[in-house]
Structure formats: C-alpha cells, structure tokens
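Structure first, then comments.
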C-alpha cells in the first residue's frame, strides 16, 4: 500500500505477543494444556516462564491427565508425575478416561506402596453432560478405591456423568479419605446403587452433597426420607438402620442439591420388572426439615413448596433448578 505524496510504503508494525498487557497474556495462555504451557510456552523466554508461574492460572491449581488404557497404566502415570502435586496444585482431573480397563489388585499392590499424593484434596472423574453414550462414560469400579488409597487427604469428589455402579468402591473411598464434598449429577438415570452403608462411613465429614437426577435402588424412598419421620415418630425397627439412605449424615450437611430424585424397586441387575417413580415433594420437604445445619438447598420443588420452606427456614438459601445463580 502507498501513502503520502512520495508513494512511500507504509512501514510494517510488528505486534509481539510479549507486548500485550499481562492480563491479556494470562487470559490467553489460561486455555493452554499443561503440557503446552510448561513444556512449550514456558521455555520460549524469561517472560514466558514468568507468565507460566503466575498463581492465578488454572493450570497451576489442577493436574489434568488423559485416561490410560488401564488402571495400572494410570497409576504408573501418576507415579511418574507425583512430584508435580503441591499445596498449590491440589486437584486431579482425568479426561478421556471412559472405557478404561480394570486391573487386578495384586498387580497394583507394589505400585500403591510407593505412590502417595498427600497434597491432592480434589478428585474430578466427571464426564460432560449430556452424555454421548452410557458406555463411553463407564469407569472401572475399582478406580475410586485405588485413588483413595494414594490420596489420604482427599476431600472433594466429582462423579458427574459417570455411568458405572461404584457402590462398593465408594465405601472403601469414604473409609480411607475425609470426604466432605460429593457431587454426582446423573440426569441419564443410569445404574448407581446408593445405600446408607457407604453414606454412613462419611457421616462425620460430609457437608456438601449433590445427587441430581439420582435413582435410589433397592429400597423404598421412605427409607431415605420418611422412615425417621414416621407417624408415630419412631424408626421402623424391622429395617436395618445401616440401609437407610441419607439418615447418617443429615446432621452435618450444609449444602444439598437434590433435583428430580427417583426410586426404583429393583434390587439387582437381574430383576426383570422395574418400577421407577419420582420421590414425592412432601418427602423431600421432610428431609429438609431434618437438616439442622443446612445453609443452601437446590431442588426441583414447586414454587409454593419452596416459599413454604423459606418461611420455615429463613436462614437457608433455597434455589430452584432453573435459577441461574447458585450460591
């Protein structure tokens, strides 16, 4: 292009990435993978290395690992990267981990002895919702148990979208770790057997519980919500107390999300006839009234019932499933 009377060429201005304001650079590199950030960007210059070490970057707080072909290979990968976990980087998130093959415990014992991740306090095994398929969101049932064995200080677990039955593994996980936050969003209503047996193991610690779209299997919904609030005010003694859902941790819960819970009469995979019904709103309201330390509750309750609970419990923030702001 020509400009001016002399027909001189306009000088080309070269804008370097390093000339951008720091907040712009950080906003851009926050979308890089950890490998790209630390192995490529950080080695380009001193300024790039300085940027990569900024405490506000999400990569510094989370370790993202791609799922391996088996649990054994995943543990081997964690063994190689265990030095990367610090007090600042305390979250482990797995991606592309659906369909992972399970490994036998004897094969893992030697590796588990030498692998400890005491700084990891948050574990994210979630899948994006809505799911593409149930099979693509399955993980080995032993995986939460094995990870709990090497993360003794684990406090938060996210299993949103997981379509595997993890009941026995969760029992072991909750026994070995002080879990205080547990999220499971299953709007696809896959098989996820919830009983009071594993809930009871975390009664001392659990404060934040999200069970959206959950289907309670094996027992009547009355076991989870109304059995303790019977007409005579007493517990049904013919039912084992350890089987009662949500009863054991109710006194400690501070945040609860319970959107569209359902119940099935099915006790196992081989039972042909299954009846699934919604948990009545009256039962959910009774459950809320039995939570003395509740601060926040999200549900699919109707507006009149939410208003009724707000009048009874003004200190609690009640949120509808369609509300944009979740406190």
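The values are calculated or read from the model by the stated rules, or taken from the named source; none is laboratory data. These figures come from a predicted structure and were not determined experimentally. So basically every Cβ, Gly included, is an ideal-geometry build from the backbone, and we count neighbours across all protein chains shown.
Under the condition of being in a strand (DSSP E or B), farther than 14 Å from residue 261 by Cβ and more than 22 Å from the chain's Cα centre (by Cα), the residues counted in the range 275-323 number 0.
Applying the selection to the range 96-112, what residues are touching a strand residue (DSSP E or B) at 6+ places or on another chain (Cβ under 6 Å) and either under 30 Å from residue 55 (Cα atoms) or surrounded by 15 or more Cβ atoms within 10 Å (Cβ to Cβ) (or both)? Result: 96, 103.
Considering the range 92-191, there are no qualifying strands (runs of 3 or more DSSP E) wholly inside with 3 or more residues that are over 23 Å from residue 254 (Cα atoms) and modelled with pLDDT of 85 or more. Put simply, of 92, 78 the only residue that is under 19 Å from residue 121 (Cβ atoms), surrounded by 14 or more Cβ atoms within 10 Å (Cβ to Cβ) and in contact with a strand residue (DSSP E or B) (Cβ under 6 Å, 6 or more places away or on another chain) is 92.
Considering the conditions (1) closer than 12 Å to residue 67 by Cα; (2) out of contact with any strand residue (DSSP E or B) (no Cβ under 8 Å at 6 or more places or on another chain), residue 115 is excluded by exactly one of them, (1). Applying the condition of being at pLDDT 85 or above and within 23 Å of residue 94 (Cα to Cα) to the range 28-56 and asking which residue is farthest from the chain's Cα centre (by Cα) yields 41.
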